[in-house]
Amino acid sequence: MKFLNKIFLSLSAVAGVLALNGCNKEFSELNQDPAAVVEATPSFLMAEAVRQFEPSAYQDWFYNAKMFTQWSQMAVKKEFSDDAYAMTATGKQGSASIEMLKYRNDLRHIVELDEQGNHISVYKAYLAVCDILSIYCGIFDSDVYGSIPYTEAAMYVHGGTLTPKYDRVEDLYNLWLTTLDECIANLTDKNQEFVSSEDAVYGGDTGKWAKLANSLKLKIAVRLLAQNKAKALEIANAVKTAGCGYISEVSDDFLYNKADVITSGDADYVFHFGDAIWAYELNANRNVMNFLLASKDPRVRFIYTKNGFNSKVVDAFIAEGKFENLPTYVKENVVLNPDGTFKEWGGMGEPWVRYGGMPVVWSQSAEYNAVKDEFFTVGQRYKLENAKGFDNVSYYNEEMIRGRVDFTLPTAEEDKTIQDKDDNPWWGLFLGAGEVNLYLAELSFIGGNYGDAESFYTKGVRASVQEYDKLAGLNRIPYYGTTYGYDPHEKSIELKDGEIDAMLSTSNVALSGNNELSLEKIYLQQLIHFSLQPDDQFVTARRSGYPKVGSTLLPFVKMSQVEMAGIPRRFELGEPLATDLMRDIKAAAYKEQGITTGTNQSGTGHLGSTVLNTERLWMDKNAPQWGEGATIR
């Protein structure tokens, strides 16, 4: 991967070169001093697009993720109150595709020039990669805003407009499906040039890029289900039978890191983000946690952090007469010696007993009052006399999201500090065998004719666990492969032999029971798989109706203070400013979608606004309400 540590072209330099250069197959030099010119080769443009690819920027994690996960009840920021369903500031979602289109359009310009005089361009495989990245980000952008500029966007430097039209989601889905077929054709064309040293993802293996293009169609297929089930199944059947194959194994995953040495002046390419994205605000939901623990799902150890109560900390609380201060789920798993000191862990044992979640309760309700001292207004409850405090629940593991996180082991002794302060290059998964096989399981289960749903499901769950274990190892998260030598009862968290098979045999996971229950399990596994991809998790919950109210597996909590129609299903779209060149275009696009513009449209409770729920985006129309669950159709 070290090729990405070379000097990269800035976007302005690339645009300037391409705007002035009349290039042919040889991509001739400009009529300038050669020492002052950086040659904008197609392979460099592709490599830079891969480096700049970022469907979830820092702001998306900091703002959007907390809304997505609370609205779908897959996480808990704190107790649920009026602000839980209110729009906050939002991240950069909506502009990710524009960044990719800049490189895609530059490469398309090169291909068009290269094809003058009936010449067949050899640069189409590079263009295909940029198309794939643009489409991925286009799906991401349209998920919460609907229509977006795409076909005319980022074209000004090539004679386009500063006021591109907004493309409808339905039209974009059709365009993207056609484009992905073109990408597959170009990536499997043996006459295409492709410099392997410029490919950070697959090392020049265009066959794997073709599998990615084919697999990306499934993201579109599942988003089509509420509008055109027949077409969704048709797409799935075509993906399964395509000659190029699809991402069926972990070895084919769209998983990579951008660089391992800082040479470009921007460490975020190496480490992803520098600043804290959640700052201990996003906690595990107790219902989700209980679901995972019931099946001993190894992913619980990779998605979430251990709490602060290792055996030595527990002993310190006992020594200070504060055993009753411990969280209930910790106390009930402690086995004491006759003298009252810690003996061993009961229950599921380490590391499982170190994971716990927050209850889903409405603030100031009877349910809240029953647990507030243990979870919400803890004060000094979880502190020792030396003022050391300890986490009573599990948080999302930030080291799975960014590579610059300092970890401090919880220790009882006042003078004992054990830390891991190493910055580790970040690895991210964007589309993998877990996701793809779970999509195929879903679409097969509801009518696809290309294979057994249970086989796809089993393969998808197995791949998902393997992917999380792989990422946890690459990102060197706490307790992976080490216990730090402090607590003799501590257990490391890496995947152990036989764990996946044991998990697959549990009643929470095995595809047994009636059709409705089996379909619920497929959706729940998708939701768990997307724990570190909040947009996809949100979209899955929105289109499926899971988690479901009253579920025996993972219930959605129906609170009397909240109307389901008061929980948003998209983001607000502000009123276009009078000075905005795009004012009329935006206004027309919003009107066509039936969207009311303006801010403060979200709300909670019986008096809350329902605009962001009832004025749905095209692909969300006819989908189940939050907590309704799906119906076999």
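The values are calculated or read from the model by the stated rules, or taken from the named source; none is laboratory data. Keep in mind that what you see is a predicted model, and the values were worked out from it rather than measured. Cβ placement follows ideal geometry from the backbone for every residue including glycine, while neighbour counts extend to all protein chains displayed. Heads up: the accessible areas ignore ligands, DNA and RNA and are worked out on the full protein's heavy atoms, side chains in. Shrake-Rupley method; radii C 1.70, N 1.55, O 1.52, S 1.80 Å.
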Inset, instruction - Identify the single condition in (1) part of a loop (DSSP other than H, G, I, E, B); (2) among the aliphatic types (A, V, I, L, M); (3) surrounded by 23 or more Cβ atoms within 10 Å (Cβ to Cβ) that residue 128 does not satisfy, given that it satisfies every other one. - result: (1)
Inset, instruction - Among the candidates 122, 144, single out the residue that is touching a residue at least 60 places away in the same chain (Cβ under 8 Å), more than 21 Å from residue 222 (Cα to Cα), in contact with a helix residue (DSSP H, G or I) (Cβ under 9 Å, 6 or more places away or on another chain) and β-branched (Val, Ile, Thr). - result: 122
Inset, instruction - For the stretch 545-555, state whether one or more residues are open to solvent by less than 60 Å² (accessible area, probe 1.4 Å), modelled with pLDDT of 90 or more and in a helix (DSSP H, G or I). - result: no
Inset, instruction - Quick one: which residue in 193, 249, 198 is open to solvent by 40 Å² or more (accessible area, probe 1.4 Å), closer than 19 Å to residue 50 by Cα and in contact (Cβ under 8 Å) with a residue 60 or more places away in the chain? - result: 193
Legend entry - Top-ranked residue of the stretch 448-475 - restricted to ones that are of a type outside the set (Ser, Thr, Tyr), more than 24 Å from the chain's Cα centre (by Cα) and not in a helix (DSSP H, G or I), ranked as farthest from residue 400 (Cα to Cα): 449
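Residue-by-condition table, conditions (1) at pLDDT below 95; (2) more than 21 Å from residue 212 (Cβ to Cβ); (3) touching a Lys or Arg at 6+ places or on another chain (Cβ under 9 Å):
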position: 73; (1), (2), (3): no, yes, no
position: 104; (1), (2), (3): no, no, no
position: 124; (1), (2), (3): no, no, no
position: 134; (1), (2), (3): no, no, yes
position: 146; (1), (2), (3): no, yes, yes
Legend entry - So residue 492, is it open to solvent by less than 40 Å² (accessible area, probe 1.4 Å), over 25 Å from residue 346 (Cα atoms) and touching a residue at least 60 places away in the same chain (Cβ under 8 Å): no
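Select from the stretch 92-125 the residues that are among the acidic types (Asp, Glu), more than 16 Å from residue 153 (Cα to Cα) and open to solvent by less than 10 Å² (accessible area, probe 1.4 Å) and list them in ascending order. Break it down into steps so the answer makes sense when it comes.
From the stretch 92-125, those among the acidic types (Asp, Glu) are 99, 106, 112, 114-115; that's our starting set.
Now drop any that are not more than 16 Å from residue 153 (Cα to Cα), which leaves 112, 114-115.
Hit for the stretch 92-125 is 114, nothing else.
For every residue, the table says whether it meets (1) touching a Ser or Thr at 6+ places or on another chain (Cβ under 7 Å); (2) open to solvent by less than 50 Å² (accessible area, probe 1.4 Å); (3) closer than 22 Å to residue 475 by Cα; (4) among the hydrophobic types (A, V, I, L, M, F, W, C).
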{"position": "372", "(1), (2), (3), (4)": "no, no, no, no"}
{"position": "380", "(1), (2), (3), (4)": "no, no, no, no"}
{"position": "384", "(1), (2), (3), (4)": "no, yes, no, yes"}
{"position": "390", "(1), (2), (3), (4)": "no, yes, no, yes"}
{"position": "395", "(1), (2), (3), (4)": "yes, yes, yes, no"}
{"position": "399", "(1), (2), (3), (4)": "no, yes, yes, no"}
{"position": "407", "(1), (2), (3), (4)": "no, yes, yes, yes"}
{"position": "416", "(1), (2), (3), (4)": "no, no, no, no"}
{"position": "421", "(1), (2), (3), (4)": "no, no, yes, no"}
Inset, instruction - Would you confirm whether any residue within the stretch 509-519 is modelled with pLDDT under 95, part of a loop (DSSP other than H, G, I, E, B), in contact with an Asp or Glu (Cβ under 7 Å, 6 or more places away or on another chain) and more than 26 Å from residue 353 (Cβ to Cβ)? - result: yes
Legend entry - Candidate set from the stretch 557-571 (those that are open to solvent by 10 Å² or more (accessible area, probe 1.4 Å) and of a type outside the set (Gly, Ala, Ser)); member that is nearest to residue 512 (Cα to Cα): 557
Inset, instruction - List every residue pair whose Cβ atoms sit under 6 Å apart, with the two residues 6 or more apart in sequence or on different chains, where the first one lies in the stretch 290-302 and is more than 20 Å from residue 477 (Cα to Cα) and the second, anywhere, is open to solvent by less than 10 Å² (accessible area, probe 1.4 Å). - result: 291/554; 295/503; 295/509
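Applying the selection to the stretch 241-283, what residues are part of a loop (DSSP other than H, G, I, E, B), closer than 30 Å to residue 456 by Cβ and not aromatic (Phe, Trp, Tyr)?
242, 243, 244, 245, 247, 248, 249, 253, 257
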Legend entry - Every residue from the stretch 131-159 that is outside any helix (DSSP H, G or I) and either within 26 Å of the chain's Cα centre (by Cα) or under 14 Å from residue 55 (Cβ atoms) (or both): 146, 147, 148, 149, 150, 151, 153, 154
